[in-house]
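The values are calculated or read from the model by the stated rules, or taken from the named source; none is laboratory data. In this text, all values refer to a predicted model and were calculated from it rather than measured experimentally. Here the Cβ positions follow ideal geometry from the backbone for every residue, glycine too, while neighbour counts run over all protein chains shown. Accessible surface is based on the protein model in full, side chains and every heavy atom, while ligands, DNA and RNA are left aside. Shrake-Rupley method; radii C 1.70, N 1.55, O 1.52, S 1.80 Å.
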Amino acid sequence: MEGAAIAEGLWGLADHHQKLGEIGKTIKCLEAICQSQISFLPLVEVKSRLRVSALLLRYSHNVNHAKSHLERSLLLLKSIPSSYDLKFRTYSLLSHCYHLLGSFPPQRNLLLKALELASSVPQDVSAYLWSCNFNSQLANTFINESDFPSSLSALESGFFSASQICFTELQMFFTASMLHVHIMQWTDDYSVEKAVQRCDEIWQTVSSDKTDRCPGLFFYNEMLHVFYRLKLCDYKNAQHHVDRLDQAMNAHSHKMQEIQQLLDELSSLDHSLSRYDLPSRERSALSARQSQLQDRVNSLSPSSTTYNSLESAYFGNTDRGWTERLLLSPSPIDGEWLPKSAIYALVHLMVVISGRPKGLFKECSKRIESGLQIIQDELIKLGITDEVRETDLRRTAIWMSTIFLMLQMQFLENRVALELTRSDYVEAEEALVEMKNFFTRFPTILQASECVIEMLRGQYSHSVGCYNEAAFHCLEATKLTGSTSMQASCQAFAAVSYLTIGDAESSSKALDLIGPLNGMTNSLSGVREEASILFAYGLLLMKQQDLQEARNRLAKGLQIAHNHMGNLQLVSQYLTLLGNLALSLHDTVQAREILRSSLTLAKKLYDIPTQLWILSIFTALYQQLGEKGNEMENEEFRKKKWDELQSKLAEARGSIHHIELVAKARLEFHQVDDAQEESLVASGRSMQSNLDIPESIGVEGPSPAPSSSRLVGLDTGKRWGKRRI
């Protein structure tokens, strides 16, 4: 009895300190039970250790300490025949510790034991829910090891458990997770399409009150649909899902702001009501207002937030309230796909990716700024300042850091592409240098970015007239990726850079690159790569004076750029080549019509080099037709644009970063030791599986007139995570 009374007293004192926000004192009270010489019942010690572990995971980075408490709890629970709920909670929290530490094999073995226990107890709602929890975590461990079939099997088991208790939101969670795995491995189009259809069917069965309880499920499902459409280059259908995401983000943000204001007012009221000298009439009025505010908060809050779960957030161990989380599913899974701030940033990124090819630069610039601000705030919270390198990161912070660093690179990548498109070379320089600096500080976490940085260095070099350097960087990029499609895009761009140089040796190099690519378009993963190859091949055929075959290739490429990609810049450049080709065939009527359309698009995109290219062709057209007035007016406008471009180029070439970016040398970075690299690579690989973003950056290509312009917009078709080859 004495031990029970002491335990009750220490628990009560721990409650008191926790209400005051004194987490250190709370933990000391609970650990006093674990370290006491007094003999307590095993359940008392287990409950105390569980609570300490949950607090450590939520409020500190001391994951190893939490793990020790949980491992001790499991040993104590072995002697207790029942107490299944405590055993399940211990398994789940310990699995989470292994996850944070990157210890995936021990985590997998632990989860298999947990599932074995869950299958041996009476099969009630609780047992099925815990089976869902463990299968969800098990699927993640298999993904970390790139074992996609086993991951799908675990998710199917979780779906079965959810079906047994008719939890449609849980069924949707597992169905969406299976779609995610299919997108990552992408063995064939049919399997992925069937997974999408299954998602759509299950989503129709989920009632609105359940989606309100798990708002993250909507974002997860819609984002996966965007990824699917982007991988198919189906921008038209992707836009519908991007719009839905954007509307949902704005609505959710406003709702959370309102709730936070209500909570702040409630806190102020609580403080006022704690005064002993408060007059009764004023106390009564404040109490009524308090009740009114609490009712409003309850009406706006998802019902799952009232459940006092021991589960910590899936991502990191910072103290984040429920207003800062987008739950995927009900307890006891109660987790997230990504932190709310990362999802918000990802929505902004999807708006950029879908809007940039259409020339919506103002909106895209605004979204890039918003996304980068979100990420910067989160990186500061994680302690990542200008001087921090990946070797300085706490092991438990690697996971969260990887999310935001990868997103940071995506936004910067799009900023470089956007600024190069509208001929703002200095702005592009600054963003590219920022990418380079982040990569040199976090080379293992951002390993996948090295290829993209080299490709962007090639784009920049080409834009400022350094064509040999452009080809060098593009060919270096091919060595940094295992994706056949990415390699094809890099080679196509290098070929166009060689063609821009124009001499016999460079043309021969271009032919060596384009020849093998021409026969492999059917084996590539998307139309982006095919469009880039057709563009380069069409340009080569024009150089070889095979005009009819060039027209056929370019017409096919234009159809892809217009119908599938919606990339106005690439459409403009295809039209320019076709207009030039029509003029070469003396079809001046068609040439004039095509070039007018092309010039309209180039003006919309602020693409000065392409405008100059078109204007030079117009000069030739007017000379052929003998239209002196039009020729003089056209030349005057061309001279104005030429001067504008030269001013921009001079500013870029005078920058302190110019020589560094175009230099024929790979990036240098600090090497980490093997132990650190293993941990960082595991976290990076795991993060890529969660953040599998199909990208379509604009890759510039040159014009046939290197003195005045360049071609822009051959998309690289880069993939995050596993690539569909």
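For segment 266-284, what are the residues that are in contact with a Leu (Cβ under 7 Å, 6 or more places away or on another chain) and open to solvent by 70 Å² or more (accessible area, probe 1.4 Å)?
ARG283
Going by the structure shown, is CYS29 closer than 26 Å to ASN144 by Cβ and either touching a residue at least 60 places away in the same chain (Cβ under 8 Å) or in a helix (DSSP H, G or I) (or both)?
Considered against the rule, which asks whether it is closer than 26 Å to ASN144 by Cβ and either touching a residue at least 60 places away in the same chain (Cβ under 8 Å) or in a helix (DSSP H, G or I) (or both), CYS29 comes out as no.
Return the residue satisfying two criteria in turn: it lies in segment 65-79 and is in contact with a helix residue (DSSP H, G or I) (Cβ under 6 Å, 6 or more places away or on another chain) and either of a type in the set (A, V, I, L, M) or in a loop (DSSP other than H, G, I, E, B) (or both), and of such residues it is surrounded by the fewest Cβ atoms within 10 Å (Cβ to Cβ).
Among residues in segment 65-79 that are in contact with a helix residue (DSSP H, G or I) (Cβ under 6 Å, 6 or more places away or on another chain) and either of a type in the set (A, V, I, L, M) or in a loop (DSSP other than H, G, I, E, B) (or both), the one surrounded by the fewest Cβ atoms within 10 Å (Cβ to Cβ) is LEU74.
Would you mind finding the one in VAL464, VAL388, VAL433 that is among the β-branched types (Val, Ile, Thr) and within 23 Å of LEU612 (Cα to Cα)?
Going through VAL464, VAL388, VAL433 in turn, the sole match is VAL464.
So SER92 fits all but one of (1) among the polar types (S, T, N, Q); (2) crowded, with 20+ Cβ neighbours inside 10 Å; (3) not in a helix (DSSP H, G or I); what number is the exception?
Failing condition for SER92: (3).
Sort through GLN137, GLN123, GLN171 and tell me the only one that's at negative phi, in a loop (DSSP other than H, G, I, E, B) and open to solvent by 10 Å² or more (accessible area, probe 1.4 Å).
That would be GLN123, the only listed residue that is at negative phi, in a loop (DSSP other than H, G, I, E, B) and open to solvent by 10 Å² or more (accessible area, probe 1.4 Å).
Check segment 435-442 and report whether any residue there is farther than 30 Å from TYR59 by Cβ and without any contact (Cβ under 8 Å) to a residue 24 or more places away in the chain.
So far as segment 435-442 goes, yes, one or more of its residues are farther than 30 Å from TYR59 by Cβ and without any contact (Cβ under 8 Å) to a residue 24 or more places away in the chain.
Can you pull out the residues in segment 628-656 that are in a loop (DSSP other than H, G, I, E, B) and either touching a Phe, Trp or Tyr at 6+ places or on another chain (Cβ under 9 Å) or open to solvent by less than 50 Å² (accessible area, probe 1.4 Å) (or both)?
Across segment 628-656, the qualifying residue is only SER655.
Check SER341, SER365, SER331, SER354 and return the single one that is in a loop (DSSP other than H, G, I, E, B), of a type in the set (S, T, N, Q) and either in contact with a Lys or Arg (Cβ under 9 Å, 6 or more places away or on another chain) or open to solvent by less than 40 Å² (accessible area, probe 1.4 Å) (or both).
It is SER331.
Quick check on segment 246-264. Is at least one of its residues open to solvent by less than 20 Å² (accessible area, probe 1.4 Å), closer than 28 Å to MET184 by Cα and not in a helix (DSSP H, G or I)?
No, there is no match, as no residue in segment 246-264 is open to solvent by less than 20 Å² (accessible area, probe 1.4 Å), closer than 28 Å to MET184 by Cα and not in a helix (DSSP H, G or I).
Only residues that are in contact with a Phe, Trp or Tyr (Cβ under 8 Å, 6 or more places away or on another chain) and within 30 Å of LEU568 (Cα to Cα): list them for segment 349-398, please.
LEU349, VAL352, SER354, PRO357, PHE361, ILE368, GLY371, LEU372, ILE374, ILE375
Working carefully through the options LEU115, LEU129, find the one that is among the aliphatic types (A, V, I, L, M), open to solvent by 20 Å² or more (accessible area, probe 1.4 Å) and under 22 Å from LEU217 (Cα atoms).
LEU129
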